[in-house]
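Here the structure comes first, spelled out in structure tokens, and everything after it is commentary.
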Amino acid sequence: MMRIASRIHDYSVHFEEGLDFLARLDGFFVVDANVLRLHGLSALGALDRDRLLPFTAEENAKALANVEEVWDRLLARGVRRNGTLVSIGGGIVQDVTGFAAATLYRGIRWVYVPTTLLAQADSCIGAKTSLNYGGYKNLIGTFYPPHEVHICPAFLSTLSEADFCSGLGEVIKLHLMGGAELTARLTAEMERVRRREPRAVLEAIRRSLEVKIGYFEGDEFDSGRRNLLNFGHCFGHALEASSEFAIPHGQAVLIGILFANRIAVKRGLLAEQTARALEEDLLIASLVVRPTARHLDTARILDAFRRDKKRPHRQPGRAADRAAPRHGPDPGRVPPGQEADGTGAAAGDDGGAARDAPGRRPRRRAGRSRHGRAGRPALRLSRISEAGPAPSSSG
């Protein structure tokens, strides 16, 4: 178990080997309808239907109208301030139910069971909830962590390959930010992780969460160091938008990291040999949904850059670049302006620099959700661009 300190309330993360723990949970349940269909014969099937709201998890469901439905169902059940909301699903279910729990009675008890790799290895901690509004993605939200998080790899068996590898993108990002040792360990275990062996996946998730905690401890509300977690995200978000969300989030982040690293090499922040090794061993090897030439259209990408909410507003006279996290025992403690060495750096994106400004952020339009070696040529668009639709999610 992990205990995570928060200025809102401390919370715990529990690692479960099977689904039996679900029988111990009590409260009002909001469950992804697809998860309920796929796992209904487990403990989910025994849930009291009067205390259950099936939820269709689509990007356009991250709306206030669906929060209102959760409020209405909770109030109809007579839930008071000491009541508990249990949400079971991926990031969309997390956002809607987290926002509902944060705002009803100014905060009720909330238990979250993430069912996607992206949610288990990344979004389940950190306290953020986000809703789309007025045609823009993640425009409104709260900081409100669950009181408990329960992570069980058994849910991952029904994910499509695209959705599993989307989560894998964030796992890779966090291991890169955790240093050379963690990166080498993930590389060595990648075959077992890709086969979804529960113990290998659970350990990769645990390490990912430990790295993320190291970046947001002391910066829970995104005023500095936590922004380094946006590694790969500026280009990644632009690619998601330009592809109309045919490229899943974590896969887009991997491509963002590829481009960030290439810019870092050009700026002398990352050794060429390291960048090529990462490309072949981890990054390109983990891309299962590849962008088409249209998705990589320069005008569309640049327009999406301008709309991205993670892109900081530049103040006059502000230094344009920040040093990237680098591989080492404590990569997040590199002072601004210090160059990364050649032992395996991870450079920030948006021009190769990791940003730490909390400034005003432009809004982004909403859409639907969901390594080489020395002597080889440098990364080219043709190496990652292949036409083909994204596979659909199955859990």
Go through (1) in contact with a strand residue (DSSP E or B) (Cβ under 8 Å, 6 or more places away or on another chain); (2) surrounded by fewer than 20 Cβ atoms within 10 Å (Cβ to Cβ) and name the single condition residue 180 misses. (1)
If you check 15, 28, which single one turns out to be over 23 Å from the mean Cα position of the chain (by Cα), at pLDDT 95 or above and of a type in the set (A, V, I, L, M, F, W, C)? 28
Which condition number in (1) within 21 Å of residue 140 (Cβ to Cβ); (2) in a loop (DSSP other than H, G, I, E, B); (3) acidic (Asp, Glu) is the one that residue 17 fails? (1)
Criterion first (within 17 Å of the chain's Cα centre (by Cα) and either of a type in the set (Phe, Trp, Tyr) or on the phi > 0 side of the Ramachandran plot (or both)) does residue 143 satisfy it? yes
Do the conditions hold for residue 235, that is, is it crowded, with 17+ Cβ neighbours inside 10 Å, of a type outside the set (Lys, Arg), in contact with a Phe, Trp or Tyr (Cβ under 6 Å, 6 or more places away or on another chain) and on the phi < 0 side of the Ramachandran plot? yes
Step by step: first the residues of region 280-304, then only those that are in a helix (DSSP H, G or I) and among the hydrophobic types (A, V, I, L, M, F, W, C), then the one that is farthest from the chain's Cα centre (by Cα). Which residue is that? 299
Take residues that are closer than 24 Å to residue 89 by Cβ and polar (S, T, N, Q) and tell me which of the helices (runs of 4 or more DSSP H) falling wholly in region 128-223 contain 1 or more. 161-178, 198-216
So if I check each of 166, 208, which one is on the phi < 0 side of the Ramachandran plot, touching a Pro at 6+ places or on another chain (Cβ under 9 Å) and polar (S, T, N, Q)? 166
Taking the residues in region 100-120 that are assigned to a helix (DSSP H, G or I) and touching a Pro at 6+ places or on another chain (Cβ under 9 Å) as candidates, determine which candidate is surrounded by the fewest Cβ atoms within 10 Å (Cβ to Cβ). 118
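Residue by residue, here is whether (1) in contact with a Gly (Cβ under 8 Å, 6 or more places away or on another chain); (2) charged (D, E, K, R) holds:
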position: 27; (1), (2): yes, no
position: 48; (1), (2): no, yes
position: 54; (1), (2): no, no
position: 61; (1), (2): no, no
position: 84; (1), (2): yes, no
position: 89; (1), (2): no, no
Could you check residue 250 against (1) part of a helix (DSSP H, G or I); (2) surrounded by fewer than 24 Cβ atoms within 10 Å (Cβ to Cβ); (3) not aromatic (Phe, Trp, Tyr) and say which number it fails? (2)
Output for region 275-308, where each listed residue is farther than 25 Å from residue 184 by Cα and among the β-branched types (Val, Ile, Thr): 292, 298, 301
Would you point out the residue of region 61-79, among those that are in contact with a helix residue (DSSP H, G or I) (Cβ under 7 Å, 6 or more places away or on another chain) and not aromatic (Phe, Trp, Tyr), that is surrounded by the fewest Cβ atoms within 10 Å (Cβ to Cβ)? 77
Counting only residues that are surrounded by fewer than 18 Cβ atoms within 10 Å (Cβ to Cβ) and touching a Pro at 6+ places or on another chain (Cβ under 8 Å), how many does region 26-42 have? 1
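The values are calculated or read from the model by the stated rules, or taken from the named source; none is laboratory data. Worth saying up front: this structure is predicted, and the values here are computed from it rather than measured. Backbone-built Cβ (ideal geometry, glycine too); neighbour counts: all protein chains shown.
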